[in-house]
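Chemist: Quick one: the structure is below, questions incoming.
Values in this text are rule-based calculations from the coordinates and carry no lab data. Fair warning: this is a prediction, and the values are worked out from it, not measured in the lab. Cβ placement follows ideal geometry from the backbone for every residue including glycine, while neighbour counts extend to all protein chains displayed.
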Amino acid sequence: MVAAEQFFQQSLHHIKAKQPLVLGFSGGGDSLALLRRLLQTGRGPVHALIVNHKMKPGADAEAAQAAKLAKKLGAQTQVLPWDGPALSGHAQARNARYCLLAQACRALGASHLLLAHTADDQVETFCLRTLAGSGAKGLAVMGASAPFPLWPEGFGLRVCRPLLSFYRADLRTELRAAALQWIEDPSNADQRYARVRMRQKLAKLAENGLQTGRVLAAIGQLQTLEQMIQLQRNKAMQQWVRFDDAGFAQVDLRLQTTTSRQVRGRVLEQVMQAVSGVGRCKHAGPVLADRWEQLLDTGRTSNINGCVMARRGQQILLARDKGAIGGRAGQAVLRVSVDTPLQPIWFDRRWLIQPSHAGVLQPVLACEGILSPEQQQKLTLVPALARAALPVLLTAEGCANILPLEAPQTILFAGAKRGMETGTCFA
């Protein structure tokens with residue numbers, strides 16, 4: 001327990017002293033134990049965020065019960081009701097939950113969301129990912145500090161998991177000793193869910209001699225390996241990758257001779273996430289390392305992960321695949337309405353824009369016959385492969401502005417900041 005206590009304290013060092021402590025709170029044993037410990041630190045204020053997914057009868061009462069419990073302990077509470085389309089399944093619920101939590105963190109001025117994942121969660125996730133065929137990166141499981149799990153809603157935020165070294169049973173022993181009763185979630189016993197089935201199987205294996213401490217030790221070794229790879233990736237990103245405010249990236253060919261194949265794949269994966277705006281790349285490191293080598297061998301342009309990759313002299317250019325936002329036959333062009341000027345809005349999940357006027361955002365590829373000859377000339381400042389996906393604001397007055405070129409003060413290529421993000425990235 002001494003090591004676990006040290007881990008808890010060290011995890012909180014990621015959060016600046018004057019920052020509020022904000023946690024996702026369900027009222028279950030894990031989140032209740034985390035709330036109690038956060039309140040005992042003397043740092044504050046402590047905010048308990050309760051998400052109401054509106055997915056089952058009695059959801060309002062459950063959220064109110066959790067809020068009452070947190071408030072009784074001394075936390076500031078906030079219930080976050082989902083008011084979007086009806087949710088179905090774990091994936092939709094997870095995305096909705098993190099969307100609401102990100103909004104609340106930002107409103108509270110918090111840089112981190114604290115989550116109550118435990119050592120048991122680590123082991124369960126490790127086993128589930130092993131069955132799914134994950135590689136070393138996936139088997140490193142969860143980090144104490146990691147990028148926010150939802151993009152772009154979590155832009156600029158991170159998650160912190162101070163309880164990863166604590167076992168669930170020990171936390172509940174603490175709660176009983178403090179005469180605190182947590183809220184039992186019936187879904188934790190529902191065998192329709194793979195995690196519940198895995199938890200039950202692990203309990204039987206423990207009865208037959210499985211030592212979860214050894215599994216955690218293996219996870220720790222994989223995390224050490226993953227951290228070494230990430231350090232090499234980060235160094236390579238700093239040396240050989242340049243992001244441009246026009247939404248593309250250039251990778252120096254010296255990446256080939258200064259990094260291992262594994263690190264090259266990780267660099268390309270990071271760059272493609274930034275350039276495409278996808279939450280997670282469909283094709284990961286090994287496949288991307290293959291594409292890199294094919295490009296060097298053949299010089300043939302390649303489309304993958306929502307990006308186009310082409311050789312230009314001693315650089316590899318990675319730009320947004322125009323087909324992904326409406327450049328393919330039969331596909332609607334991406335358009336985003338701007339109803340409120342100066343209100344931040346996302347375009348293509350990679351541009352954060354604060355439009356000066358109401359109107360419509362759409363890519364250059366949809367502006368044929370709209371842009372003036374002078375604007376067409378400005379576009380030549382951008383590599384041809386990157387032009388079609390540039391955002392244009394068409395105002396209600398009929399004006400067209402190529403925002404990265406003509407109003408750069410209103411637009412941020414947030415993907416670039418994401419691409420250069422360092423620190424523990426296994427989530």
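Chemist: Please order Val22, Val79 by the number of other Cβ within 10 Å, starting at the fewest.
Modeler: Least to most surrounded, the residues fall as Val79, Val22.
Chemist: How large is the translational diffusion coefficient of region 336-427 in µm² per second when you combine the Kirkwood radius over alpha carbon pairs with Stokes-Einstein at 4 °C and 1.567 mPa s?
Modeler: In µm²/s, the coefficient is 92.
Chemist: Given the options Ala91, Ala236, Ala67, state which has the largest fluctuation in a GNM of the chain using a 10 Å cut-off (strictly under) for Cα springs.
Modeler: Residue with maximal mean-square fluctuation among Ala91, Ala236, Ala67: Ala91.
Chemist: Here is a follow-up. Could you size up the charge dipole of the chain around its Cα centre, putting +1 on the beta carbon of Lys and Arg and -1 on that of Asp and Glu, and report it in debye to the nearest 20?
Modeler: Dipole of the chain, to the nearest 20 debye: 720 debye.
Chemist: Given Ala119, Gly42, Pro85, which one lies farthest toward the positive end of the charge dipole of region 2-210, if we put +1 on the Cβ of every Lys and Arg and -1 on the Cβ of every Asp and Glu?
Modeler: So the residue we want is Gly42.
Chemist: Would you pull out the residues with amide H under 5 Å of Leu113's amide H, same chain only if 5 or more places away, H placed 1.01 Å from N?
Modeler: For Leu113, the qualifying residues are Arg158, Val159, Cys160.
Chemist: Could you tell me how far the Cα centroid of region 348-384 sits from the Cα centroid of region 243-272, in Å?
Modeler: 26
Chemist: Residues in region 82-120, backbone N under 16 Å from the label point at Ala189 (7 Å along the Cα-to-beta-carbon vector): list them, ranges by number please.
Modeler: Once the point is set 7 Å along Cα→Cβ of Ala189, nothing inside region 82-120 turns out to lie under 16 Å by backbone N.
Chemist: Given the options Ala384, Gln343, Ala396, identify the residue whose Cα lies farthest towards the positive end of the charge dipole of region 336-416 (+1 on Cβ of Lys, Arg; -1 on Cβ of Asp, Glu).
Modeler: About the Cα centre, the residue reaching furthest to the positive side is Ala384.
Chemist: If one takes the longest principal axis of the Cα atoms in the chain, at what angle in degrees, from 0 to 90 and to the nearest 10, does the Cα axis of helix 89-108 lie?
Modeler: Tilt relative to the chain: about 80 degrees.
Chemist: I need the shape label for region 18-147. Rule: rounded when a/c is under 1.5, else prolate if a/b > b/c, else oblate, with a, b, c from the alpha carbon gyration tensor.
Modeler: It comes out oblate by the Cα gyration axes.
Chemist: Explain nothing, just compute: Karplus ³J(HN,Hα) = 6.51 cos²θ - 1.76 cosθ + 1.60, θ = phi - 60°, for every residue of region 213-229 in order, whole Hz, x for Gly and Pro.
Modeler: Along region 213-229, the couplings run x, 6, 5, 5, 5, 5, 4, x, 5, 5, 5, 4, 4, 5, 5, 5, 5 Hz.
Chemist: For region 30-47, in order, what is each residue's ³J(HN,Hα) by Karplus, 6.51 cos²θ - 1.76 cosθ + 1.60 with θ = phi - 60°, in whole Hz (x at glycine and Pro)?
Modeler: So the Karplus estimates, Gly and Pro as x, are 5, 5, 5, 5, 5, 4, 4, 5, 5, 5, 6, 5, x, 7, x, x, 10, 10 Hz.
Chemist: While we're here: Need the full-extension length gain, Ala59 to Ser260, defined as separation in residues times 0.36 nm minus the C-alpha distance. One decimal, nm.
Modeler: Length gained, Ala59 through Ser260: 67.3 nm.
Chemist: With both partners inside the chain, how many of the DSSP beta bridges are antiparallel, as a percent to the nearest 5?
Modeler: Percentage antiparallel, nearest 5: 70.
Chemist: If you plug each phi of region 185-192 into the Karplus form 6.51 cos²θ - 1.76 cosθ + 1.60 with θ = phi - 60°, what whole-Hz ³J(HN,Hα) values come out, in order, with x for Gly and Pro?
Modeler: Using θ = phi - 60°, the values come out as 9, x, 5, 5, 10, 7, 6, 5 Hz.
Chemist: Let me ask another. Starting with the fewest neighbours, write out Ser88, Ser134 ranked by other beta-carbon atoms found within 10 Å of each beta-carbon.
Modeler: Ser88, Ser134
Chemist: Which value, in debye to the nearest 20, describes the size of the charge dipole of region 336-416 about its Cα centre when Lys and Arg Cβ atoms bear +1, Asp and Glu Cβ atoms bear -1, and nothing else is charged?
Modeler: It comes to approximately 260 debye.
Chemist: Taking only Cα atoms, what is the 0 to 90° angle, nearest 10, from helix 168-177's long axis to the longest principal axis of the chain?
Modeler: Here the helix axis deviates by roughly 50 degrees.
Chemist: Using R₀ = 30 Å, calculate the FRET efficiency as 1/(1 + (r/R₀)^6) where r is the Cβ-Cβ separation of Ala218 and Ala384; round to 0.05.
Modeler: That gives a FRET efficiency of 0.05.
Chemist: Which order do Ile229, Ile316, Ile183 fall in if you start with the one that has the fewest other Cβ atoms within 10 Å?
Modeler: Fewest to most other Cβ atoms nearby, the residues stand as Ile183, Ile229, Ile316.
Chemist: Okay, moving on. What value, in deg cm²/dmol to 500, does the helix sum -39500 (n - 2.57) over DSSP H runs of n ≥ 4 give at 222 nm once divided by the residues of the chain?
Modeler: Dividing the helical sum by the residues of the chain leaves -13000 deg cm²/dmol.
Chemist: Still on this structure, please answer the following. How far is it, in nm, from the label point at Arg300 to the one at Arg129 when both lie 7 Å from their Cα along the line to the Cβ?
Modeler: Label at Arg300, label at Arg129, 3.4 nm between them.
Chemist: In angstroms, what radius of gyration and Dmax does the chain have, counting Cα atoms only?
Modeler: 23.8, 76
Chemist: Test of understanding: what is the full-extension gain from Glu5 to Ala332, defined as 0.36 nm times their sequence separation minus their Cα-Cα distance?
Modeler: Extra length from Glu5 to Ala332 when fully extended: 112.4 nm.
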